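Okay, structure first, notes after.
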Amino acid sequence: MATNRNTLQTGTVSSRFDLFHEPQLSNPYPFFKLLRQHTPVFYAEDIDHWVVSRYEDVKQVLRDYENYSAHNTIIPIHPLCEATRQVLKDGGWNIVPALGNADRPEHTKTRMNVVKAFTPRRIADLEPYVSEVVNSAVDGFQLKGKADLMAELFFNLPALIILKLLGFPDEQVPAIKEGAKNRILFVWGRPTAEEQTRLAGGLAGFFRLCRQLVDNRLVRPSDDLTSELLRVRAGKDEILSLDVIASILFAFFTAGHETTSSLLGNSMLQLLRHREAWDRIVAEPALIPDAVEEILRYDSSVISWRRKAKQEMEIAGVRVPEGAQILLLLGSANHDDEAFENSEQLDIERNNASQHLSFGSGIHRCLGAALAQMEARLTLEILSQRLPGMKLTADQRFDYLPNICFHGPREVHVEWSI
C-alpha cells in the first residue's frame, strides 16, 4: 500500500502543487489532471494538508461525516500570530461552529432550524429584485458599448441580494464586499503577519455588524432571514443562540456573495470564450439552467474544500493519519473523466453536469445553492437577451485572488456594438 509523506519529493508532480501562484492560480485544471493521473492523494507540506483529487475519493470524504470532521473548514490554513489573536479578541470576534464548520449533532440541529427560515418561497420572492438590479445595471452601461462586468454588476448583485435577504441596509455593500475579501485572504490565503493582523481587524468589525443586526432584530423584527431565524429560536438558546445566528449571518456573507460573484464571472468568461455556447443560449434561453450547471462543473467558483480525519484512514490506497487536514480538490473532481465524459469540453447540454461537487455533497451540501443558481440564471437571461453581441475585450489579463479555495476573475471586460 502506498503511504505517507514520501509521496512529496523534489521533481515529482505533487511537489509543484501551488494554487497561490501562476499558472495554477488562474487555470489549475491542467495541473489537476496530472495529479489525478500520477499522484491522486499526497501530502503537501507547505500547507500541511493531504490533497485528494479524484471524483470518487473526494465525494466519499465529503459524505463520510463519521470519519471526517468539518471543524477545520474555516480555520486559517496558516497559524495565527499572537497580535492577530489579540485583535480578534479585542474586536469581539465570537464565531462559533454553525453550519459548514460544524459536526453532528450540532450541525443537524442548526441546519434543521435554518431550513425552517431559509425557505424556497423566500428565495423565489427575491427573483423580481434580482431582475431589477441586473436590468438597472445594464441600463447604466448599455450605451457605453463596454463594461467591466465584475465591477459594474457581478460584485454588487450578490451583495445586494444577501443584504436584502438578511436585512442589512444597501449602504453596507462596501462593507460586505471588503468583509468577504478579507475572510478569503485571512482563512484560505497566505497573508504576512502584518497583513493577517490587519485583516483580523476587518473581520472582527464585520462580525460585530452581524451581531448588531441580530440585536436590532430582537427589538424590531422585520421580513428578513435574520428575523425569521429569531422567530425559529423562540427565545431559546438551546434552539439557536444569538452568537450562532450571528455566525450564520457571517457565513452567508461569504457563501452568498463571493462564490456567486465568481460564478457570474466564470459564467461570462467561459461562455464568451466558447462562443458557440453563448450563441446557443441567446437563441434558446431554456438552455440557461443547464448551462449554469455546466459552468459550475467546468470552472467552479469553489475549487477546494477541507476536512479533518477523525482517525487514521485510507484514501485510494494511501494511509492518512488521525488528525490529518485534508484538502479536497472539487475543481479536479469535476474534471475527472471517470465521472464526466470528455470533461475538458464545455458542454451546456451535458446530461450529468448537475453531479458536480461545487456545492459539496452529503449533509453539508451548500444551503444557498438554489439562490446562487437563481441569480446566475436570471443574470444570463437578461444579458443574453439585451446584449447578445457581447464579446470579451481583446488582450485583457484575468487576475485571481491568491488563495487555495475561491476561484473567480477580479475583472471581466466586455464590449459590444451600439
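No value in this document is a laboratory result; all are computed from the given coordinates. A quick note: this is a predicted structure, and the numbers were derived from the prediction, not measured. We place every Cβ from the backbone using ideal geometry, glycine too, and count neighbours over all the protein chains shown.
Decide, for region 9-159, between rounded, prolate and oblate: order the square roots of the alpha carbon gyration tensor eigenvalues as a ≥ b ≥ c, take rounded if a/c falls under 1.5, and otherwise choose prolate if a/b is larger than b/c, else oblate. Walk me through the intermediate numbers first.
Working: a/c = 1.69, a/b = 1.26, b/c = 1.34.
Here region 9-159 falls in the oblate category.
Expected output is a single nm value to one decimal: the length gained when fully extending between Arg365 and Asp48, i.e. 0.36 nm times separation in residues minus the C-alpha distance. What is it?
Values: separation 317, 0.36 × 317 = 114.12 nm, distance 2.49 nm.
The span from Arg365 to Asp48 would gain 111.6 nm if fully extended.
Report the extension gain between Ala83 and Asp395 in nm, rounded to one decimal, defined as 0.36 nm multiplied by the number of residues separating them, less their alpha carbon distance.
Values: separation 312, 0.36 × 312 = 112.32 nm, distance 4.27 nm.
Full extension of this stretch gives 108.0 nm more.
Mind giving me the FRET efficiency for His71 and Gln385? R0 is 35 Å, r the Cβ-Cβ distance, nearest 0.05 is fine. Before the final figure, lay out the partial values.
Working: r = 45 Å, r/R0 = 1.29.
After rounding to 0.05, the efficiency reads 0.20.
With a Förster radius of 41 Å, plug the Cβ-Cβ distance of Asp125 and Arg319 into 1/(1 + (r/R0)^6) and report the FRET value to the nearest 0.05. Write down the numbers at each step before the final one.
Values: r = 50 Å, r/R0 = 1.22.
Taking R0 as 41 Å, the efficiency between Asp125 and Arg319 is 0.25.
Label points 7 Å out from Cα along the Cβ direction at Lys146 and Glu276: separation in nm?
3.0 nm
Does a label point 7 Å from the Cα of Glu56, set along Cα-to-beta-carbon, have any residues of region 310-324 with amide nitrogen under 20 Å, and which are they?
Flagged as within label range: 313-320.
I want to check a number: in the chain, how many lysine pairs have alpha carbons closer than 18 Å, given a sequence separation of 8 or more or different chains? Spell out each step's value before the answer.
Details: Lys33/Lys59; Lys59/Lys308; Lys59/Lys310; Lys109/Lys236; Lys116/Lys236; Lys144/Lys391; Lys146/Lys391; Lys164/Lys177.
So the count works out to 8.
Between rounded, prolate and oblate, where does region 83-207 land on the alpha carbon gyration tensor, with a ≥ b ≥ c its root eigenvalues, rounded for a/c under 1.5, else prolate if a/b exceeds b/c?
Numbers: a/c = 2.62, a/b = 1.27, b/c = 2.06.
It comes out oblate by the Cα gyration axes.
Using alpha carbon centroids, what distance separates region 399-418 and region 26-79, in Å?
24 Å
Is the shape of region 246-324 best called rounded, prolate or oblate, per the rule: a/c under 1.5 gives rounded, else a/b larger than b/c gives prolate, else oblate, with a ≥ b ≥ c the square roots of the Cα gyration tensor eigenvalues?
Oblate shape, in that a/c is at least 1.5 and b/c is the bigger or equal ratio.
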